[in-house]
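Peer 1: My questions all concern the structure below.
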Amino acid sequence: MNKKLLITGGILLVAIPILLLWFKSYTKSHSPEAVALYHQNGLEIHINYCQPYKKGRTIFGDAATSPLQPYGAYWRLGANEATTFENNKDITINGKPLKAGKYQVYTVPGKDSWKVCFNTEWDRWGATEANHETDVLVTEVPANNHAPAMEQLQIGFDTPDSTGTCNMLIHWDKTQVKVPLLLATN
């Protein structure tokens, strides 16, 4: 009897991690991993996220229209694991300070503006809503709902202006938001 339990336990110890790896690989075949990088004046920012596709769906909208992402609801800003934002120097985001570190970045999209939130619990599956008590920065930025259509979620950066400010760009479907970033000066 003990021998059967040991064999069954051993099989489960091997099978469960293999199944988890397969599931992770399978989900990423539909929403592949991507990295957005920014390197300027010693500042390095790395954003790791997964890129879902539109696939003919309504992406953003009022809950009554059954969009993939309803206005006013938590969104992990991508698919699969939480989207991570890592900066090697202190920066300001839309005028608010953010210390160097690694964060989960998530959003609450709205029709006219989005809340963009940075949270210390970055090592987590992204579908479950973040613990808002561990948010270190929450800011609101305008939404452009007339951008050129983008089939797959894209996160990137534009070129810094003369003040050194650049924007983190979030673009999916016909919606684009710009989150201003600036290297903090002490």
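Laboratory data are not the source of any read-out in this text; all were calculated from the coordinates shown. Remember, it's a predicted structure, so these values are computed and weren't measured experimentally. Glycine gets a Cβ as well: all are built from the backbone with ideal geometry, and neighbour counts include every protein chain shown.
Peer 1: So how much slack lies between His39 and Ala73, counting 0.36 nm per residue of separation and subtracting their Cα-Cα distance, in nm?
Peer 2: 9.1 nm
Peer 1: Over all directions, how big on average is the projection of the convex hull of the alpha-carbon atoms in the range 54-121, in square nanometres?
Peer 2: One quarter of the hull surface, i.e. the mean projection, equals 5.5 nm².
Peer 1: For Ser162 and Asp90, what is the calculated FRET efficiency with R₀ set at 22 Å and r taken between the beta-carbons, to the nearest 0.05?
Peer 2: Rounded to the nearest 0.05, the efficiency is 0.55.
Peer 1: Let me ask you something else. Can you give the FRET efficiency to the nearest 0.05 for His146 and Trp125, using r as the Cβ-Cβ distance and R₀ = 35 Å?
Peer 2: After rounding, the FRET efficiency stands at 0.60.
Peer 1: Give me the aspartates and glutamates in straight-line cross-link reach of Lys96: C-alpha distance below 12 Å, same-chain residues under 8 apart excluded.
Peer 2: Lys96 reaches Glu140.
Peer 1: Once a ≥ b ≥ c are taken as the square roots of the eigenvalues of the Cα gyration tensor of the range 126-184, is the result rounded (a/c under 1.5), prolate (a/b larger than b/c) or oblate (a/b not larger than b/c)?
Peer 2: oblate
Peer 1: Subtracting the Cα-Cα distance from 0.36 nm times the residue separation, let me have the gained length for Glu133 to Ala64 in nm, one decimal.
Peer 2: The Glu133-Ala64 span can extend by a further 21.9 nm.
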